[in-house]
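All of the numbers you see were taken from the coordinates with simple rules; none came from a lab. Every value quoted in this text rests on a predicted model; they were computed, and no experiment measured them. Counting neighbours? That spans all protein chains shown, and the Cβs are built from the backbone with ideal geometry, glycine included.
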Amino acid sequence: MNSIAGAGLLFASSAALAHYPLMECWSKGDIIECQAGYSDGSKATDYAVNMYDYDDNLIAKVKTDKRSIATFKRSADEFYIVFDSGHEYPVEVDGVEINEK
């Protein structure tokens, strides 16, 4: 019985240590920058970040740099940006949510 309780605690501990992806985007004129990372503060370097139109067509695909930043030229059409780190859920930021920095 103690081994079952111990296994449950071990599982709960590993779940508590899990981290989830985050992304924040801002604009500088016609340039959009998005910083991707994780809830534990770690960076997401060399990860794909994609821009899609509202019909789910891929507009642009870039990779994060050594600072975990992906840079796009603003689309004339409505768009959203996705950081999919391969964890449970991708992060999406809608173009209308992006403010000037």
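Things worth noting here:
- Separation in nanometres of the label points that stand 7 Å from Cα toward Cβ, at Asp46 and Arg74: 3.3
- Close amide H contacts of Asp65 (hydrogens built in the peptide plane, cut-off under 5 Å, sequence separation of 5 or more or a different chain): Asp46, Ala70.
- As a calculated quantity, the FRET efficiency between Asp53 and Lys28 at R0 = 35 Å, using C-beta atoms, amounts to about 0.95.
- Phi to ³J(HN,Hα) by Karplus 6.51 cos²θ - 1.76 cosθ + 1.60 over the stretch 74-80, Hz, x for Gly, Pro: 4, 7, 6, 8, 5, 8, 9
- Sites matching GluC sites (Glu not before Pro) across the stretch 20-87 that sit in DSSP coil, with at most 14 neighbouring C-beta atoms within 10 Å: Glu78
- A full extension of the chain between Tyr38 and Glu97 corresponds to an added length of 19.2 nm, given 0.36 nm per residue minus the alpha carbon distance.
- 3J(HN,Hα) along the stretch 27-38, derived from phi through the Karplus expression 6.51 cos²θ - 1.76 cosθ + 1.60 where θ = phi - 60°, amounts to 10, 9, x, 8, 9, 10, 10, 10, 9, 9, x, 10 Hz, with x in place of Gly and Pro.
- Relative contact order (%) - the stretch 20-100, alpha-carbon pairs under 8 angstrom, separation at least six: 34
- Partner lysines for Lys73 [C-alpha distance under 18 Å; skip if fewer than 8 residues away on the same chain]: Lys28, Lys61, Lys63, Lys101
- Each residue of the stretch 20-100 gets 85 Å³ once the volume of the Cα convex hull is shared out per residue.
- Other-chain or far-sequence residues with amide H under 5 Å of Arg74's (modelled H): Ile31, Ile32
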